[in-house]
Each structure stands twice: as structure tokens, then as C-alpha cells.
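Comments concern the structure below.
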Amino acid sequence: DAVLVWSNNVFQDRTALGNNLATYVDNGGGVVLATFDFYGGTGWSLLGNIMGSSYSPFASVGSYYSNASLGTYDASSPIMSGVASLSGFYRDSVNLNPGATLVASWSDGEELVAYNHGGKVVGITLYPGESTTSGLGGDYARLFANSLIFSADGQQSSVVPEPATLGLLGLGV
């Protein structure tokens with residue numbers, strides 16, 4: 001019902017992928033975009049319709065590699081349910097698109113999590129493939145799991161997956 005998309009290299013056809021993801025959303029699917037999808041000016045970022053301001057919660061600015069932790073956030077959002085701590089190093093610098101809803105910021109004030117398109121597209125400026133030795137920490141698996149559920153339901157669900165489901169997500173990451 002939802003997909004998590006990120007890269008650690010250039011996409012084969014980033015425009016076609018972005019257009020296909022937008023079509024997926026238009027047909028009821030959810031999309032969670034993560035770091036390097038917003039990595040502007042390098043050839044790594046996604047392109048196509050999914051990155052338009054009516055879909056993507058963020059507009060690309062560039063990379064922002066520095067350690068940060070969870071800053072301010074909306075504790076009532078299902079995306080943040082069970083997320084009490086978070087840290088990361090590989091982050092994209094972004095601007096919030098008009099109409100998007102900011103859910104959380106990093107401790108340095110940079111945007112962390114937002115959603116757009118009726119909750120069907122969630123953006124997270126955290127790299128899911130990052131190792132814990134380079135800075136990834138805290139409740140990141142819960143954040144990604146919550147975001148997938150939220151985008152699949154279009155902001156209708158407050159269900160949080162059981163720990164075994166989170167463990168499987170962690171293994172996948």
C-alpha cells in the first residue's frame with residue numbers, strides 16, 4: 001500500500017520513476033521519500049511529477065551533512081507516535097513546499113518530516129541506509145514504519161505497528 005524510496009546512487013531514470021510514483025499516489029498508494037531523493041543539483045535526486053509542489057512536501061536545496069537530533073515535533077501526529085529520539089548525519093537541506101504540513105524539525109532547525117497531497121506523500125530528511133556508526137540512531141525504524149502506514153492510509157490511521165513488524169523493517173533497512 002506504500003513504498004519507501006531513497007537512493008545511494010543515481011537512479012537509472014529519475015524522471016520516469018518520479019512520474020510512476022505520482023501515478024501510484026493518484027491510484028491510492030502512499031509514498032515515503034527519504035534523503036538523497038531531495039539531493040538537488042547532483043543528478044541523484046528524483047525528478048518527475050512526484051517532486052512537484054502538489055506531491056512532494058519538500059523542495060530540494062542540497063545536501064546537509066552534519067549530525068543532528070530530533071528537535072521540535074507534533075506529538076499528536078501518528079507519524080511521530082513512539083518516536084522519542086532520533087539522530088542522523090546524512091540529511092538533505094530542503095524548503096517546505098506550499099500546502100505541505102511540517103511534522104518535525106531537526107535540533108538545528110532544518111526540516112525533518114512533512115507530508116503533502118492529503119498525507120499520501122511523506123518526506124523524511126534522514127537516510128535509511130545510514131549506519132549507526134555514522135550517526136543514525138534513536139527511533140528511526142518506528143519513524144519510517146509510521147510514515148509508511150500514514151501515507152498508505154492518507155493520514156487516516158493512528159495504528160502503530162507491533163514490535164515484530166518494526167524489527168522486520170529494521171532488518172530491511
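Observations, loosely collected:
- Residue list for segment 45-64, restricted to those being hydrophobic (A, V, I, L, M, F, W, C) and either surrounded by fewer than 18 Cβ atoms within 10 Å (Cβ to Cβ) or touching a helix residue (DSSP H, G or I) at 6+ places or on another chain (Cβ under 8 Å) (or both): Leu46, Leu47, Ile50, Met51, Ala59, Val61
- Tally of residues being out of contact with any helix residue (DSSP H, G or I) (no Cβ under 6 Å at 6 or more places or on another chain) and of a type in the set (A, V, I, L, M) across segment 26-44: 2
- One residue from Ala59, Ala68, Ala84, Ala34 being of a type outside the set (Asp, Glu), touching a residue at least 24 places away in the same chain (Cβ under 8 Å) and touching a Pro at 6+ places or on another chain (Cβ under 7 Å): Ala34
- Residues of segment 1-28 that turn out to be assigned to a loop (DSSP other than H, G, I, E, B), within 15 Å of the chain's Cα centre (by Cα) and either surrounded by 14 or more Cβ atoms within 10 Å (Cβ to Cβ) or without any contact (Cβ under 8 Å) to a residue 24 or more places away in the chain (or both), as a count: 2
- Of residues in segment 92-117 being among the charged types (D, E, K, R) and crowded, with 18+ Cβ neighbours inside 10 Å, the one nearest to Ser151 (Cα to Cα): Glu111
Results for (1) surrounded by fewer than 21 Cβ atoms within 10 Å (Cβ to Cβ); (2) modelled with pLDDT of 95 or more; (3) of a type outside the set (Asp, Glu), shown as yes or no for each residue.
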| position | (1), (2), (3) |
| --- | --- |
| Ile124 | no, yes, yes |
| Pro128 | no, no, yes |
| Ser134 | yes, no, yes |
| Ala152 | yes, yes, yes |
| Pro163 | yes, no, yes |
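- Considering Gly123, Gly118, the condition of being small (Gly, Ala, Ser) and either over 17 Å from Val31 (Cα atoms) or within 14 Å of the chain's Cα centre (by Cα) (or both) is satisfied by Gly123 alone.
The values are calculated or read from the model by the stated rules, or taken from the named source; none is laboratory data. None of these values were measured; they are calculated from a predicted model. Neighbour counts are summed over all protein chains in view; Cβ atoms, including those assigned to glycine, are modelled from backbone coordinates with ideal geometry.
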